[in-house]
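Worksheet: one structure, shown below.
Derivation of every value follows stated rules applied to the coordinates shown; laboratory data play no part. In this text the structure is predicted, and so the values were computed from the model without any measurement. We place every Cβ from the backbone using ideal geometry, glycine too, and count neighbours over all the protein chains shown.
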């Protein structure tokens, strides 16, 4: 079986079957845990001396995590879909909030697509942003008060927080859940909203990338590796979602800050040139 031909210009390294599985595992766990999947993939590719030249592999494994969200939250997704079909006000309101929360990151992503993709080649930048993520997570220990419902203002602010996560090293789930916690939303509800909010973002990025991949004759040669990464990301993503939802019953997100700081400062020390 051929290796995934995404060679590093200096080392000529290619992604092996095992490396594709490993990167898929990293993606699945770190997409939903507040530790930045994009940052971990950038650091992982740098450590394995892999240079994809673009973010094709990352988008494909992101699709695996999209399937993980739909699977892990299938009851909530079904309730929303059925509620909208029955014209229930609460269901339509939540869908509206999800749409509002998606707009800021969607606009930023479309306007700055090329510039943002270039940042995915810098492990040093990803490490710095991981440290920033740690600061945001740590700050949630000072939030006070809890309420269950998510409102319009919450959706807007959570959507704005999601914009920062376009940068590698900034955790999307970390930023959005932290924003929810600071708005006094209960931890489990903030996490569920964050995970549901990932569906249109990941779906949109996947559709855009697949349209580009369709014209690339090399994709067929590496399809098996892409599928392996996607499946591993899917399975590990389901585990991460269920574990984090259980953990956030106590609304404790700040404990992940120490991990982000450890990886971030280690990355800065290792990759700084």
### Summary
The extension gain from residue 149 to residue 17, computed as 0.36 nm times the residue separation minus the Cα-Cα distance, is 43.1 nm
## Note on the structure
extent check for region 17-271: Cα max minus min per principal axis, descending, whole Å, gives 48, 42, 33
#### Entry: residue 224 versus residue 199: modelled label distance in nm, points set 7 Å from Cα along the beta carbon direction
3.4
### Query
Stretched out fully, how many nm does the piece from residue 100 to residue 269 gain, at 0.36 nm a residue minus the Cα gap?
56.9 nm
### Task
Can you work out the PRE-style zone for residue 47? Point 7 Å along Cα to Cβ, and I want the residues of region 258-273 with backbone N under 17 Å.
258-272
### Message
What distance in nm lies between label points placed 7 Å from Cα along the C-beta direction at residue 141 and residue 112?
### Response
3.0
### Task
List the relative contact order of region 17-271 as a percent without decimals, with contacts defined as Cα pairs under 8 Å and 6+ residues apart.
39
#### Entry: Theoretical FRET efficiency, 1/(1+(r/R0)^6), r = Cβ-Cβ of residue 78 and residue 246, R0 30 Å, to 0.05
0.90
